[in-house]
Structure formats: structure tokens, C-alpha cells
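Taking it in order: structure first as C-alpha cells, then the write-up.
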Amino acid sequence: MPSPHPQRKIDVGVRVSSVADVIGPADPQASQSHEIAVIAGFAADTLVPHANRIDQRGIRRPHLDELAATGALGLPFPTALGGSDAPAGIVREATELIAGACGTTWFCAAQHRSPTKAVLASDNALLHDRWAARLVSGNALAAIAFAHLRRPTQRFWIRDEGDRFVLNGSLDWVTNWPLADVVLVEGYLKSSSGEQRDEIISLLVEPPKLDLVHSNQLDRDDIQAGPSLSLAAMGGTQTWPVSFVDFQVSAEQLVGRLPAENWLHANSLISADANPASFGMARASINELTALAASTDQPQVAEVAEGLRAQLIELRSRAYADADVATEDPTMAAATIGDRTAVRAAALDLNLRAATALITASGGAAMMLSSNAQRRAREALFLLVQGQTADLRQASLGYLVE
Ligand SMILES: Cc1cc2nc3c(=O)[nH]c(=O)nc-3n(C[C@H](O)[C@H](O)[C@H](O)COP(=O)(O)OP(=O)(O)OC[C@H]3O[C@@H](n4cnc5c(N)ncnc54)[C@H](O)[C@@H]3O)c2cc1C
């Protein structure tokens with residue numbers, strides 16, 4: 001059963017963060033949005049104060065339920081299903097605020113979005129009816145395992161046996177695994193004779209329930225999961241390795257199937273864009289840098305903060321304009337993959353520089369695990385590999401020898 005939805009009372013528009021926002025949203029309409037006021041209040045009151053503790057000790061489901069109660073998980077989805085049907089500018093601003101406040105919370109929430117979209121787009125009416133509204137509201141939490149599909153060689157496959165699918169092999173990274181009600185597991189089809197087919201199968205798997213208070217792993221003959229990976233960054237995201245031996249999933253759990261070429265093409269169009277999370281994290285570092293410059297009377301730090309602020313505003317505006325064009329026009333989307341990947345790499349580089357500037361200007365205190373600066377620097381490193389494509393790797397490496 002999914003966790004009950006907490007009834008949290010939120011003070012709309014009240015922000016307790018002591019750090020002023022010197023950058024603001026890319027879309028001025030976001031400043032007038034009720035949804036953004038609620039999320040900004042939650043970010044300031046709850047996410048910012050607990051971010052370092054969650055980074056160190058790990059996120060738990062009630063925290064994500066509280067986020068869901070702000071409406072953040074349903075923002076882009078139809079109102080008929082309990083979402084907000086919010087425009088891209090509002091969704092991006094919400095992502096920036098959440099990622100800037102707590103990278104762990106952002107990443108766990110981000111894993112929920114693609115499975116929700118997939119269920120909404122699925123031809124499987126039974127699956128849609130069972131999960132769509134619960135996922136949009138955030139009453140049910142989702143995870144996803146798909147990054148392995150971009151690798152040149154596979155270690156995980158799905159066999160089609162008519163009334164069921166059979167899963168074999170390992171998934172290295174499944175964030176949210178022990179917290180999620182459903183996991184969108186995607187894999188290449190393998191024939192019964194063991195040959196890989198050029199088709200990708202997407203299944204909605206309900207992971208066996210675990211009580212994290214008593215156990216940090218699952219060990220069954222057909223499925224092994226956990227424990228939570230020890231990581232230099234994002235260690236609090238409940239990211240578990242999962243492996244399967246003839247694990248059976250009913251055919252009723254099929255979300256969709258696509259020729260691999262189509263899946264990879266669609267994925268390359270989406271993964272080229274800069275993630276608003278990178279701007280949100282950089283924005284938070286620059287805000288803190290600006291506040292630090294004033295409170296410690298460091299004029300050079302103020303100049304650096306101003307330079308980074310100007311770069312962020314320009315780059316962000318370009319990234320979002322390019323992404324809008326790509327969303328509207330599939331031909332343009334394909335033609336601009338290279339340019340958009342270059343902007344994505346520039347955003348990752350800016351985020352790293354902003355976190356590094358905050359560390360440099362903070363002195364030794366930045367190395368304390370209670371400091372936001374070290375956490376943001378580690379989160380910025382993580383973003384270099386999160387959703388990494390071969391093109392992005394090349395573009396990011398380019399910044400290191402300039
Ligand atoms: C903390 C954490 C949590 C994560 N959570 C999830 C999750 O919940 N769900 C999920 O699906 N993924 C998750 N990931 C995976 C993450 O998105 C991937 O790490 C990322 O996409 C990089 O892929 P990889 O680790 O498979 O690296 P690689 O296998 O190195 O692949 C990265 C890219 O480089 C390309 N590449 C690899 N080798 C070469 C080569 N020799 N030459 C040229 N190109 C090459 C690949 O094709 C691919 O596009 C998580 C990762 C981390 C670190």
C-alpha cells in the first residue's frame with residue numbers, strides 16, 4: 001500500500017531562508033504563481049535546513065510525501081488527474097528551487113517524473129487506471145531504471161513469454177528502490193535462444209516491500225537488491241543495485257515496447273537539454289556567495305558572484321529557449337542536439353565553478369559536512385555523470401583543457 005498523504009499546512013509565500021535570491025526565476029510569471037510560492041516556502045522551511053543531514057543519513061519516504069503534498073510532483077501533469085498542468089516556466093522554477101535547496105530531494109523526485117509520463121502515455125488502460133492519478137498526486141512514488149540502455153553493452157535483459165515477462169541480469173543504479181511503490185524497468189528484449197533483439201520493453205514493477213528500520217537489503221532467489229550504495233555524492237538518495245534471476249512480471253504490467261532505434265532517438269532528443277537542476281544548484285551557490293561577500297566584507301567575492309550571476313542568467317535563458325524550440329519542433333530537436341549538448345555542458349561547468357567559488361571564499365569551514373558548499377560541490381560533480389551521454393562526456397571534457 002502506498003503511504004498516506006500527509007496533510008501538511010503550508011504558509012504560502014513565507015520564506016525563512018536567510019539568503020536572498022539575487023537571481024530570480026527565468027520566467028517572471030513564476031513569481032506570481034501560487035504553486036511556486038508553496039514550493040518556495042517548503043524549500044526554505046524544510047529542505048534547506050535538513051539538506052546536509054539527508055545527504056549524510058539518507059532520505060525517507062515521509063520526506064518525499066511532504067514534497068508531494070506541495071503539489072510539486074504533479075506540476076506538469078493534467079488537472080483532471082490531480083496535477084496542475086503548469087507551463088514549462090513554472091515546472092523549471094520548481095525544479096531550480098528544489099535542487100538548489102536539497103540535491104537529494106530533487107534527484108529522488110526527478111526519478112518519479114518519467115515513469116509517471118510513461119504510465120500516462122501507455123496504451124495499457126488497466127495500468128493507466130490503476131496508477132495514473134496516484135502517481136500524478138504523488139500518493140504513489142515511482143523509480144526508474146533505464147540509463148543502462150545507452151551503454152554499448154548490456155547486462156540486463158527481458159524475455160517475453162506471452163502471459164509474463166522474465167527479467168535477468170543486473171541494474172547498477174536504482175534510486176528510490178526501497179521507497180518506491182513502482183519502478184519503471186526498461187530493458188532490451190532477449191529471445192528464448194538468448195539472442196538480443198532490437199526492441200526495448202518497459203514494465204512497471206512493484207518492488208517487494210521492505211522495512212528499512214529492520215533491513216537494508218532484499219535477498220531472494222529471483223531478486224537481490226541493496227544495500228544502499230556508498231557514494232561520494234548523492235549517497236542519501238537510496239540508490240540500490242538490483243539483480244534478477246528469472247524474475248517474473250505479469251504481462252499486465254507492460255507499459256510499452258518500442259524498436260530500440262526509436263527509443264534511443266527519443267532519448268537523445270531529451271537528454272541533450274541542460275537540466276534546470278544544474279541552474280538551481282548554481283543559483284543557490286551564487287546566492288550564498290553574494291551573502292558571504294556582504295557579511296565578510298570581501299569585495300572580490302562580490303565581483304565573482306556578480307560575474308557568475310550574469311553568466312547564469314544568459315546561459316539559462318539560452319538553454320530554456322533552445323529547449324522550447326526543440327519541444328515544439330521534432331526536426332529542430334534533432335538538428336540542435338549538438339548545440340543543446342554544448343549548452344548543457346556549459347551549465348554543468350558553471351555549476352562546478354559556482355560551487356568551487358563558494359568553497360574558496362568560505363575557507364576551511366567549507367570542508368565541514370555541515371557546510372552547503374562541500375555538498376553542492378559534490379552534487380555538481382554528480383551532475384557531470386547523471387544522464388551522461390557520449391556527446392555530453394566529450395563536451396564536458398572539452399572544458400577541462402581550455
Ligand atoms: C547516484 C546515482 C544514481 C543513479 N540513479 C539512477 C536511476 O535511478 N536510474 C537510472 O536509470 N540510472 C541511474 N543512474 C545512472 C546514471 O544516470 C548514469 O550513471 C549515467 O547515465 C552514466 O552512465 P553509466 O554509469 O552507465 O556510465 P557509462 O557506462 O560510462 O556510460 C555513460 C555514457 O558514456 C557512453 N560511453 C561509455 N563508454 C564509452 C566509450 N568507451 N566511448 C564512448 N562513449 C562511451 C555510454 O554510451 C553512455 O552514453 C544513477 C547514477 C548515480 C551515480
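The values are calculated or read from the model by the stated rules, or taken from the named source; none is laboratory data. From a predicted model like this one, the values you see are computed outputs, not experimental measurements. Virtual Cβ from ideal backbone geometry, glycine too; neighbours counted across all protein chains shown.
Selection of region 310-330 for residues being part of a helix (DSSP H, G or I) and farther than 17 Å from Ala274 by Cα yields Ala310, Pro330. Within region 345-392, being among the charged types (D, E, K, R) and crowded, with 22+ Cβ neighbours inside 10 Å holds for Asp349, Arg375, Arg376, Glu379.
Among the listed residues Met281, Met332, identify the single one that is at pLDDT 95 or above and within 16 Å of the ligand (Cβ to nearest atom). Write out each step before concluding.
Numbers: Met332 fails: within 16 Å of the ligand (Cβ to nearest atom).
When all the criteria are applied, what remains is Met281.
Scanning region 285-300 for residues that are out of contact with any helix residue (DSSP H, G or I) (no Cβ under 9 Å at 6 or more places or on another chain), over 25 Å from Ile90 (Cβ atoms) and not in a helix (DSSP H, G or I) turns up at least one hit.
Hey, among the residues in region 136-159 that are away from the ligand (no atom under 16 Å from the Cβ) and among the aliphatic types (A, V, I, L, M), which one's nearest to Val185 (Cα to Cα)? Looking at residues that are away from the ligand (no atom under 16 Å from the Cβ) and among the aliphatic types (A, V, I, L, M), I get Ala140.
Scan region 162-180 residue by residue and report those that are more than 10 Å from the ligand (Cβ to nearest atom), closer than 18 Å to Pro208 by Cα and either among the aliphatic types (A, V, I, L, M) or surrounded by fewer than 22 Cβ atoms within 10 Å (Cβ to Cβ) (or both). Talk me through it step by step, then tell me what you get.
Start the filter on region 162-180 by keeping residues that are more than 10 Å from the ligand (Cβ to nearest atom), which leaves 162-170, 178-179.
Still in the list and also closer than 18 Å to Pro208 by Cα: 164-170, 178-179.
Passing the criteria: Arg164, Val166, Leu167, Asn168, Gly169, Ser170, Leu179.
Each residue in region 147-161 was checked for being buried (at least 16 other Cβ atoms within 10 Å of the Cβ) and of a type in the set (D, E, K, R), and 2 of them qualify.
With the condition kept exactly as written, say whether any residue in region 28-39 is surrounded by fewer than 19 Cβ atoms within 10 Å (Cβ to Cβ) and under 23 Å from Leu289 (Cβ atoms). Yes, the conditions are met somewhere in region 28-39.
Looking at region 42-62, is at least one residue touching a Pro at 6+ places or on another chain (Cβ under 6 Å), surrounded by fewer than 21 Cβ atoms within 10 Å (Cβ to Cβ) and hydrophobic (A, V, I, L, M, F, W, C)? First the steps, then the outcome.
First pass over region 42-62, keeping only residues touching a Pro at 6+ places or on another chain (Cβ under 6 Å): none.
Within region 42-62, none of the residues are touching a Pro at 6+ places or on another chain (Cβ under 6 Å), surrounded by fewer than 21 Cβ atoms within 10 Å (Cβ to Cβ) and hydrophobic (A, V, I, L, M, F, W, C).
Mind listing just one residue for me: the one in region 113-138 that is of a type in the set (A, V, I, L, M) and under 23 Å from the mean Cα position of the chain (by Cα) and, of those, surrounded by the most Cβ atoms within 10 Å (Cβ to Cβ)?
Step one: list which residues in region 113-138 are of a type in the set (A, V, I, L, M), which gives 118-121, 125-127, 132-133, 135-136.
Restricting the remaining residues to those that are under 23 Å from the mean Cα position of the chain (by Cα) gives 118-121, 132-133, 135-136.
On the way: Ala118: 20, Val119: 27, Leu120: 17, Ala121: 10, Ala132: 21, Ala133: 20, Leu135: 30, Val136: 27.
For region 113-138, the residue satisfying everything is Leu135.
I'm trying to understand the selection: among the residues of region 365-395, which are away from the ligand (no atom under 15 Å from the Cβ) and without any contact (Cβ under 8 Å) to a residue 40 or more places away in the chain? Residues satisfying the conditions are Ala365, Ala366, Met367, Met368, Gln374, Ala377.
Listed here are the residues, each with its yes/no results for (1) in contact with a strand residue (DSSP E or B) (Cβ under 7 Å, 6 or more places away or on another chain); (2) outside the structural domain of Ile337 (by TED's automatic domain parsing).
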| position | (1), (2) |
| --- | --- |
| Thr237 | yes, yes |
| Val249 | yes, yes |
| Leu254 | yes, yes |
| Asn267 | no, yes |
| Leu289 | no, no |
| Thr296 | no, no |
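If I go through region 283-307 residue by residue, how many of them are within 24 Å of the chain's Cα centre (by Cα) and not acidic (Asp, Glu)?
Filtering region 283-307 down to residues within 24 Å of the chain's Cα centre (by Cα) leaves 283-288.
Within this subset, residues satisfying the condition of being not acidic (Asp, Glu) are 283-287.
Residues in region 283-307 being within 24 Å of the chain's Cα centre (by Cα) and not acidic (Asp, Glu): 5 in total.
Looking only at residues in region 263-300 that are farther than 16 Å from Gln311 by Cα and of a type in the set (Ser, Thr, Tyr), which one is surrounded by the most Cβ atoms within 10 Å (Cβ to Cβ)? Ranking the qualifying residues of region 263-300, first place goes to Ser271. Sort out which residues of region 307-342 are closer than 19 Å to Gly100 by Cα, without any contact (Cβ under 8 Å) to a residue 60 or more places away in the chain and in contact with a helix residue (DSSP H, G or I) (Cβ under 8 Å, 6 or more places away or on another chain), and write them in order of number. Within region 307-342, Leu308, Gln311, Leu315, Ala319 meet the criteria. There is at least one residue in region 76-91 that is in contact with a Leu (Cβ under 6 Å, 6 or more places away or on another chain) and under 29 Å from Leu384 (Cα atoms). Among the residues examined, Ser362 does not qualify as among the hydroxyl-bearing types (Ser, Thr, Tyr), more than 16 Å from the ligand (Cβ to nearest atom) and not in a helix (DSSP H, G or I).
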